[in-house]
1. Report, to the nearest whole %, how much of the accessible area of the range 38-85 belongs to carbon and sulfur atoms, 1.4 Å probe, protein only.
2. Explain nothing, just compute: Karplus ³J(HN,Hα) = 6.51 cos²θ - 1.76 cosθ + 1.60, θ = phi - 60°, for every residue of the range 140-157 in order, whole Hz, x for Gly and Pro.
3. Tell me, in nm to one decimal, what length is gained between Y158 and F80 on full extension, where the rule is 0.36 nm per residue of separation less the Cα-Cα distance?
4. Ranked from highest to lowest mean number of other Cβ atoms within 10 Å per residue, what is the order of the peptides 71-77, 33-39, 20-26?
Amino acid sequence: MNIDSILHFIDLYGYIIIFIFLFMGIVGIPAPEESLLFLIGVLIGQNKLSFGLAVLSAFLGAFIGMLIAYVCGKYVGYPFIKKYGKYVGITNDRWEKVQKKYMNNTKKTIVFGFYLPGIRQISPYFAGINNIPLLKFILFSLLGTFLWTVPLIVAGYYIGNAFHINPEYVPLLGVVFLVFVLIYFLINYMKRKKKNKLPSRLD
């Protein structure tokens, strides 16, 4: 879906379309989530959307998507998802990647998996299938949803105001911003890994 179509839908249906697109993106139905979040910020800066309502719509769409996917994983199970998951982008390769990450650190996978397309769609299903406690999942999902939606919207708002961005260029800028975020997390991860490998000093 191109940016003109998204703008048209937002124009027609307002905040509900933000909720729907973010919800669909989380449960696995293809949707331009990062670009949409960045676009929301740009439109807020142009006084075409309310900051509070736009952020709330995006947050609820992503969070409720996480909960629905968790419930599906918990009560429908792996055989069903393995059979039909391919229709919403849940491939075997992506599933194996999430499985490895969950084994290493459940919290990080739920929270920071939002920044990894493919991982964020599978993460809640996997959590449900593996019986991650609901309260634990809700807390980590709330944190992850906030850390994903709000920074991207705020970035769109400030960058859009600073450079008077044409909404047509938002998809490209959204991708660039996401790349910078991923590089930041990768550098921090490599630093921690290198630090952990250093031999401890003897007293």
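1. Values: 1580 of 2250 Å².
Looking at the range 38-85 in its full context, I get 70 percent from C and S.
2. Result, rounded to whole Hz: 5, 5, 4, 5, x, 4, 4, 5, 9, 6, 5, x, 5, 5, 4, 4, x, 5.
3. Net length gain for the segment: 23.7 nm.
4. Answer by packing, highest mean first, reads 33-39, 20-26, 71-77.
The values are calculated or read from the model by the stated rules, or taken from the named source; none is laboratory data. Since the structure is predicted, the reported quantities are computational estimates derived from the model, not experimental observations. Because the Cβ atoms are built from the backbone with ideal geometry, glycine has one as well, and the counts that use them run over all protein chains shown. Calculation scope for accessible area: heavy atoms of the full protein, side chains included, ligands and nucleic acids excluded. Shrake-Rupley method; radii C 1.70, N 1.55, O 1.52, S 1.80 Å.
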